[in-house]
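I have placed the structure first, in the form of structure tokens, so that the comments after it can refer back to it.
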Amino acid sequence: MTRIARRPLTPWLLIVPSFALALFVIGYPLYNIVFQSVHEVSRFGLIRGFCGLDNFRKVFADPIFMASLWRTLWWTLGVVGGTVLVAVPVALILNQDFYGRGVARVIVMLPWSVSLTMTAIVWRWAFNDEYGMVNVTLQRMGLIAAPVHWLATSTLAFPVEILVGILVSVPFTVTIFLGGLSSVPVDIYEAARIDGASGWQQFRKLTLPLLRPFINMAIVLNVIYVFNSFPIIWVMTQGGPSNGTHILVTYLYEQGFRLGKPGEAAAVSLVMLVMLFAITALYLRIQPREGGEA
Amino acid sequence: MKVCLTQRLTKVAVALTAVGLAGFLAPAAQADTVRVTVAYYSDQTEPYFKQMAAAFEKANPGDAIQIEMVNWDTLQQKLQTDIAGGSNADLAIIGTRWLLDFVKDDMAEPLDGYMNPAFKNRFIGAFLAPGQISGKTYGLPIAASARALYYNKTTLTKAGFPEGPKTWDDVVAASRKIKAAGGYGFGLQGKEIETDIYWYYSLWTNGGDVVGKNGKSAFASPAGIKAATLYKSMIDQGLTQPGVTNYSREDVQNLFKQGRVSMVISAPFLAKQIKKEAPTLKYGIAPVPMGTSRATYAVTDSMVMFKNSKVKATAWKFLDYLFTKGPRVAFTSNEGFLPTTKEEAAAPQFADADTKAFVNLLPSARFAPTVTGWEDTAKAVSDAMQSVYLGKAKPADALKAASLIADKALGQ
């Protein structure tokens, strides 16, 4: 121990290999994307020539891109906000000791074990007009008279996709919250009860503040996942009808692999990277610093 | 127990290493290895190409054929990554509409030097033409299909059209009767790939065109407005399935198989699917309904040779083999495509009424033109049609807007 402390170079040398690997793994694709974004690239990935910021200009001049950009913010806000709102009570319930808790936990976690694409395909079928489970159930229950065309218009399809997004994000978020709740000492609740605090007060004054760092982590991680989440929207509507459900990542895919414009797709991905950085930094900044967390 | 397991694991590891090494060394001993990227058409595709490779290797000792199978959806992505990384195969199946980009980037080998007149003469001319760009042949038609109207014989007979509708007016009249009897008449595709094509059927048969002779978009025309208005009015009268923008090509075909829509325009493979999945369904195949003229859509996929291939001679030998009668008949009948060579067309496998119905339509078939910007045009038109179907835009306005977008991309 003391030898290492005397020679401060050693720790650096020890992390160099992994640092170099990380730099290569992150740096090389990033370099490639930046390179592509300032070049004219053919459909099959050949560089045709330098074009400066043309790709960015073209992308920003596209009204579909601007609409997708705003929709991405709504998508992220909707899914992450909804997920946290659902996950907090679910985690609180699953943290209680009750008969069958293990089974309940498994059921909540199950959607996590299915791949996102599969979940999306299942929901695409479930929302089918003619034979989808959702319409059939609603009709049998007498809630609707005729089949609702869920995915035929973007006004219905996009909220449906947000709901599916929430469903698949809940398990991960609940896991984080359960971990957080298990670190909350039980005796403070006892003390609070003796002092006459109501259940709501206990939640507001004890649980929520102590859960705060975990909520923050869940929000930041979910923002990153959801912002970049591709399968749900692509599988269910491919950004349609009439481009009404495109978010940036589906727009990017369409540019790159459907319309054969890898250069513009690279530009979009850089814009997304900058946005993610900005959102995350902004969020961490507006969070009040935790006092006495040490 | 533990020792035993470790020992066994070691044995397995040694065996695996030996197998791996053998696999690694074996191809090196061969003279030429030709890598072929093929698209997944059905579960028949891979066994077929494996069989062809084995037969070829047997006839040409020393040479090896390596088949790489990719899904259609990811084919473009795979080619893109392979080409950018310089690790592309020697031969590949591509959508013929991509050929222009291949030629522009100087990646495709012109095949005219390898072809003698006899080889060229094997093909049905209409199918070879799309693979030719400025007088040179770059792609050979490995797969071809055309479109026709499938109709439900039971419901259409009741509606008074036992031979299927001849014109769009017939389609409307028949759909009205079918609607009154509680079904959906005309299946209209409104989302995902080929939403544009589904509208072109109506555009072409009403005398319109997608791209004009000047290379600019031509669909925002009176014929275009007529075609779009026809579909929209059918939606409004409830003559199609409701919520058309929620129906992809497969979704509409499924409704047809279930007997819920009575007419759908599709390719030969639907007949194969019906025989397998809905054997009791009585269907007929008729030409795409007429407006003022007759038209259908035809499409080919091409086999190309890469310019950077180091084994061109062997690759060509394999191509030559694939386009002889036996392999062609097997491929085309397996997959439910149309014959692209003359010998193949004469084979008894294609003498059935279904194939004949499609082949008869070929004289009036339109191919996707080999122009840049076709994909952008397809997207602009699909978006425009969706907003028309949803009632968000009037046909004339939607088409005008789409034509502006298409003109920016066409010929660029």
- line: Residues in segment B:390-401 that are closer than 19 Å to A:THR245 by Cβ and at pLDDT 95 or above total 1
Selection count where residues are within 14 Å of chain A (Cβ to nearest Cβ) and among the hydrophobic types (A, V, I, L, M, F, W, C), scope segment B:186-198: 2
- request: Tally the residues that are part of a helix (DSSP H, G or I), crowded, with 21+ Cβ neighbours inside 10 Å and of a type in the set (Phe, Trp, Tyr), restricting the search to segment B:317-345.
  value: 2
- prompt: Is there any pair with a first residue in segment B:230-252 that is free of Cβ contacts under 8 Å to residues at least 60 places away in the same chain and within 13 Å of another protein chain (Cβ to nearest Cβ) and a second that is of a type in the set (Val, Ile, Thr) and buried (at least 20 other Cβ atoms within 10 Å of the Cβ) whose Cβ atoms are under 6 Å apart and which are 6 or more apart or on different chains, and what are they?
  reply: B:GLN241/B:VAL261
message: So, in segment B:56-68, how many residues would count as being without any contact (Cβ under 8 Å) to a residue 24 or more places away in the chain and part of a helix (DSSP H, G or I)?
response: 2
In segment B:357-377, residue farthest from the other protein chains (Cβ to nearest Cβ) [restricted to those that are touching a residue at least 40 places away in the same chain (Cβ under 8 Å) and part of a loop (DSSP other than H, G, I, E, B)]: B:PRO369
message: Going by what's in this entry, would B:VAL304 be described as more than 25 Å from B:VAL38 (Cα to Cα) and surrounded by 23 or more Cβ atoms within 10 Å (Cβ to Cβ)?
response: no
query: Can you tell me which of B:ALA380, B:ALA398 is surrounded by 15 or more Cβ atoms within 10 Å (Cβ to Cβ), facing another protein chain (nearest Cβ under 10 Å) and at negative phi?
result: B:ALA398
message: Among the listed residues B:ALA59, B:ALA53, identify the single one that is assigned by TED's automatic domain parsing to the domain that holds B:VAL36 and surrounded by 14 or more Cβ atoms within 10 Å (Cβ to Cβ).
response: B:ALA53
- request: Just give me the residues in segment A:118-144 being part of a loop (DSSP other than H, G, I, E, B) and either among the hydroxyl-bearing types (Ser, Thr, Tyr) or more than 14 Å from chain B (Cβ to nearest Cβ) (or both), in sequence order.
  value: A:TYR131, A:MET141, A:GLY142, A:LEU143
statement: When B:PRO47 is run through (1) of a type outside the set (S, T, N, Q); (2) out of contact with any Gly (no Cβ under 7 Å at 6 or more places or on another chain); (3) assigned to a helix (DSSP H, G or I); (4) under 19 Å from B:GLY139 (Cα atoms), the failure sits at (4)
field: Residue that is surrounded by the most Cβ atoms within 10 Å (Cβ to Cβ), among those in segment A:145-155 that are without any contact (Cβ under 8 Å) to a residue 24 or more places away in the chain and within 10 Å of chain B (Cβ to nearest Cβ)
entry: A:TRP150
- request: Of the numbered conditions (1) buried (at least 21 other Cβ atoms within 10 Å of the Cβ); (2) outside any helix (DSSP H, G or I), B:PRO279 fails exactly one; give the number of that condition.
  value: (1)
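Table: residues versus (1) part of a helix (DSSP H, G or I); (2) more than 30 Å from B:GLY85 (Cα to Cα); (3) aromatic (Phe, Trp, Tyr).
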position	(1), (2), (3)
A:PRO29	yes, no, no
A:GLU40	no, no, no
A:VAL59	yes, no, no
A:TRP70	yes, yes, yes
A:ALA87	yes, yes, no
A:VAL90	yes, yes, no
A:PRO111	yes, yes, no
- prompt: What residue, among those in segment B:383-395 that are assigned to a helix (DSSP H, G or I) and touching a residue at least 12 places away in the same chain (Cβ under 8 Å), is surrounded by the most Cβ atoms within 10 Å (Cβ to Cβ)?
  reply: B:MET385
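Given the residues A:LEU208, A:LEU276, A:LEU284, which is the only one that is without any contact (Cβ under 8 Å) to a residue 40 or more places away in the chain and not hydroxyl-bearing (Ser, Thr, Tyr)?
After applying the criteria, what remains is A:LEU208.
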field: helices (runs of 4 or more DSSP H) wholly inside segment A:189-294 that include at least 3 residues being within 14 Å of chain B (Cβ to nearest Cβ)
entry: A:231-236, A:248-253, A:262-286
- request: For residues that are buried (at least 24 other Cβ atoms within 10 Å of the Cβ) and touching a residue at least 12 places away in the same chain (Cβ under 8 Å), scanning just segment A:249-259, find the one that is nearest to A:SER68 (Cα to Cα).
  value: A:TYR251
- request: Filter segment B:67-117 down to residues that are surrounded by fewer than 21 Cβ atoms within 10 Å (Cβ to Cβ) and hydroxyl-bearing (Ser, Thr, Tyr) and give me whichever is nearest to B:PHE367 (Cα to Cα).
  value: B:THR74
message: What's the number of the only condition in (1) outside any helix (DSSP H, G or I); (2) touching a residue at least 60 places away in the same chain (Cβ under 8 Å) that A:ASN55 fails to meet?
response: (1)
field: Options A:ASN55, A:ASN95; residue that is closer than 30 Å to A:SER182 by Cα, crowded, with 16+ Cβ neighbours inside 10 Å and among the polar types (S, T, N, Q)
entry: A:ASN95
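In segment B:65-87, is there at least one residue being in contact with a Gly (Cβ under 6 Å, 6 or more places away or on another chain) and among the polar types (S, T, N, Q)?
The answer is yes; a qualifying residue exists.
Conditions tested, residue by residue: (1) more than 24 Å from B:GLY125 (Cβ to Cβ); (2) under 22 Å from the mean Cα position of the chain (by Cα).
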{"residue": "B:PHE306", "(1), (2)": "yes, yes"}
{"residue": "B:ARG328", "(1), (2)": "no, yes"}
{"residue": "B:ALA353", "(1), (2)": "yes, yes"}
{"residue": "B:THR370", "(1), (2)": "no, yes"}
{"residue": "B:ASP376", "(1), (2)": "yes, yes"}
{"residue": "B:VAL381", "(1), (2)": "yes, yes"}
{"residue": "B:VAL388", "(1), (2)": "yes, no"}
{"residue": "B:LYS400", "(1), (2)": "yes, no"}
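The values are calculated or read from the model by the stated rules, or taken from the named source; none is laboratory data. No experiment lies behind these values; they were computed from the predicted model shown. Heads up, the Cβs are rebuilt from the backbone with ideal geometry, glycines too, and the neighbour counts pull from every protein chain shown.
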